[in-house]
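Nothing in this text is a laboratory measurement; each read-out follows from the coordinates by a stated rule. None of these values were measured; they are calculated from a predicted model. Cβ atoms come from the backbone with ideal geometry, glycine included; neighbour counts cover every protein chain shown.
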Amino acid sequence: MVYYLIAVLHVLVCIILILVVLLQSGKGADLAGAFGGSATQTAFGSRGPASFLSKLTTLSAIIFMITCLSLSVIGSKRSGKSVLETTPGAAVPAPKAPAVETPVPAPTPEQIKKVQEEIEAKQQKAQPPQPEKAPEPKTPPKETPKKP
């Protein structure tokens, strides 16, 4: 509850601090000051707004720093443990993988020859004999008529 109250106060002070800094004007920053006009800051008098805004800036900066420090202290007390420590249930180890199988030894050259011979024999049995085709008569190439 206190954490949220300080967080809301912190946001409000941030907004006030931004506005107060933006409202202040630097020395001779007005357009009239560049041309010699002396009627600057007449809304609150000649010295009133400068001292009021500077005091408000100082006060809001102090409150901003206090709320920053208090939020960091409260935040560090709230999260004293890791997320993994706060999750319910115990950690279950992963199941063990089966042992690695022994590799099959590479075939010897004699075994490779035997397998190749078996494959060739199967291919010869599977192919039916093909009738021989008569050679096709050769035709002379067609000549294109030449244009005169």
With 0.36 nm assigned to each residue of separation and the Cα-Cα distance removed, residue 84 to residue 124 gains 7.6 nm
Once both label points are put 7 Å beyond Cα along the C-beta direction, the residue 100-residue 22 separation in nm becomes 6.6 nm
Per the rule of 0.36 nm per residue minus the C-alpha distance, extending residue 54 to residue 12 adds in nm 13.3 nm
